[in-house]
1. Step through the residues of segment 8-19 one at a time and calculate ³J(HN,Hα) from phi using the Karplus curve (6.51 cos²θ - 1.76 cosθ + 1.60, θ = phi - 60°), rounding each to whole Hz and writing x for Gly and Pro.
2. Can you list residues whose amide H is under 5 Å from Ile193's amide H, if they're 5+ apart or on another chain and H is modeled 1.01 Å from N?
3. Within the P(r) computed for segment 166-321, what percentage of the Cα pairs occupies the region above 22 Å?
4. Using θ = phi - 60° and the Karplus form 6.51 cos²θ - 1.76 cosθ + 1.60, what ³J(HN,Hα) does each residue of segment 99-110 get, whole Hz, x for Gly and Pro?
5. Subtract the Cα-Cα distance of Glu180 and Leu287 from 0.36 nm times their separation in residues, and report this length gain in nm to one decimal.
6. Which far-off residues, 5 or more places away or on another chain, put their amide H under 5 Å from the one on Tyr115, with H placed in the peptide plane?
7. Using the Cα centre as the reference, give the magnitude of the dipole from point charges on the C-beta atoms of the chain (Lys, Arg: +1; Asp, Glu: -1; all else neutral), rounded to the nearest 20 debye.
8. Can you tell which of Ser99, Ser241, Ser124 shows the greatest fluctuation in a Gaussian network model of the chain with Cα springs below 10 Å?
Amino acid sequence: MIQSINFPIAPYCIAPYGGWDGLKSRLDALGIDGVEAIYDPDSIDDSFPASMMTGYHMLFYPDWLDFYRHDEKKLLEKFGDWEMIGKIYRGTEPESLLSQFRVDLDRGRRLGTNYMVFHVSDVSLEESYTYRWLHSDYEVLDGAIEFINELLRGVEPSFDFLVENQWWPGFTFTEPEKTEYLLSHIEYPRTGIMLDTGHLMNTNRDIRSQADGIKYISEMIDLHGSMKDRIKGMHFHQSVSGRYVKKNTGKMPENYPKGYFEAFAFSYPHIQQIDRHRPWTDPRCTLLLDKVEPLYLTHELSQGPNRPQLASTKRQLGTIRKGKGR
């Protein structure tokens, strides 16, 4: 099992470690093999050593389907004018979205990644509060299938392409028929699943503990039968946020800003309260690892001064050791 942490390849992220050698020594001490890299297009660090990369998380736009479908009415309702749309999506035509992903794909391939991760979901800022979806799962799945097949057309299958589950419309890993629909329609031969345990917990607002989450995730894996074998990797973390979601969704907040970038900044803490990315502290979480036996395991934990990423990773590794010794 190849273990990694999630890490943005940007100068502002690596600076606290004194450079890549400093981070590598910290990871070596923890027994971590490297990083699942994601690039910030506004702050790219080309000094990143490819030898540290275990996998590559592709860029993502949470709210992308209306832009890709070039639905002018919906886009203008959301963002006001085409100038703002161009700022958000770095272009005004669907091809500009594909172009950005092609650049990102090429970067991951040049670095020799073992796998690439791709989000299959769609959600607007407003939907993150209302939980009234603008698109069905199948609408998002169909858009993602079309986009992925175009993106990977003619690409040599030198890496695993792993679709990641979310709790927004799209791929949620809660309904096997939809999982099968997604996997069977992607034409790339090395397609699999990156199962995100915290995201799966976010689909069930009745979860009240890590134990509840472990039971629920296990049930969803069992529900998928032989498709379990398509799970090549896991983003490992826990998110017990059902009470918060029930209390803070269903309507827009009264003080919600009007401008998009102001609204994004306002909404970010709200999203973090839903999707918590906290370390497992219940040793029974190893039951999930035993059930899946992932090839890739990413400790995808929150970063920041209040919850240092490596400290959280160390804590989760300790939990896993306890669980393995049960």
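Every number here is computed from the coordinates shown, using simple stated rules; none is lab data. These numbers were taken from a predicted model, which means no experiment stands behind them. Please note: Cβ atoms are built from the backbone with ideal geometry, for glycine as well, and neighbour counts cover all protein chains shown.
1. Rounded to whole hertz, the list is x, 8, 9, x, 5, 8, 7, 3, x, 9, x, x.
2. Result for Ile193 returns Val163, Ile231, Lys232, Gly233.
3. Values: 5573 of 12090 pairs.
Across segment 166-321, Cα pairs with separations above 22 Å total 46 percent.
4. Residue by residue, segment 99-110 yields 4, 5, 5, 5, 4, 5, 4, 4, 5, x, 5, 4 Hz.
5. 36.1 nm
6. For Tyr115, whose amide H was placed from the backbone, the distant partners under 5 Å are Tyr56, Asp160.
7. Result for the chain is approximately 1640 debye, rounded to the nearest 20.
8. Of Ser99, Ser241, Ser124, the most mobile in the Gaussian network model is Ser99.
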